[in-house]
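First the structure, in the form of structure tokens, and then the observations on it.
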Amino acid sequence: MIFFVLSICYYISFYDFGLLYFFQVGFWFLFLRVLFFGGWLFLCLAENNRTPFDFSEGESELVSGFNVDYGGGLFSLIFICEYGMIIFLCFFSVLFFCGGSDFLFKVLGFCFFYVWVRCCFPRYRYDFLMGRAWKLLLPFSLFFLLVILVFYSKFSRKDSLLGFQGLVKKTLDYCN
């Protein structure tokens, strides 16, 4: 996941996530990199151990997975943390790919997507996840990161601002 985040940061030429939101007012990064967004969603679902990729629990094979050992407050804390992580990754998904207005509405839409995927898709085998993560997504994210780094090292000059950073600087200078 870190290579996906670094690719986005290098793509916009800075690490300020506050300005990343305003870059996408007219055009979302989702439409610019559809395959990249699909890989990001795949990794978010796998990171949360949600139903297509919930290999740590295996609720249907066991009584209730790891939940048998916990009861009361500890049981509720597990699920509060799980859904908190879902909201956190939905927040970053909207920030990275769907900026602009109606931020909360988009976060809730991504949360609905998580619940919908849990209801509609069967559990995959463990080798499917490992194959996609190591053989497809890791080389894809490294390749995308390498292309961005080569592009900026070849075409950027110290006397001119290139890419989105220059656009933001010009916009902020114009507004002030």
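A simple rule links phi to the HN-Hα coupling: the Karplus curve 6.51 cos²θ - 1.76 cosθ + 1.60 with θ = phi - 60°, which for region 125-135 gives 6, 5, 5, 5, 5, 5, x, 5, 5, 8, 9 Hz, with x for Gly and Pro. The fewest-to-most ranking of 136, 95 by surrounding Cβ atoms within 10 Å reads 136, 95.
Working note: Karplus 6.51/-1.76/1.60 with θ = phi - 60° gives region 97-103 the couplings 10, 9, x, x, 7, 6, 5 Hz, where Gly and Pro are set to x.
Listing 130, 1 from fewest to most neighbouring C-beta atoms within 10 Å gives 130, 1.
If you take all other residues with their beta carbon under 10 Å from the beta carbon of residue 45, and give Lys and Arg +1 and Asp and Glu -1, the sum is 0. Residue ranges 42-52, 82-92 sort as 42-52, 82-92 when ordered by packing (mean number of other C-beta atoms within 10 Å per residue, highest first).
Quick note: the coordinates plus some simple rules give every number you see, no bench work behind them. The shown structure was predicted, so the numbers you read here are calculated from the model rather than taken from an experiment. When we count neighbours, we look across all protein chains shown, and the Cβ atoms used for this are built from the backbone with ideal geometry, even at glycine.
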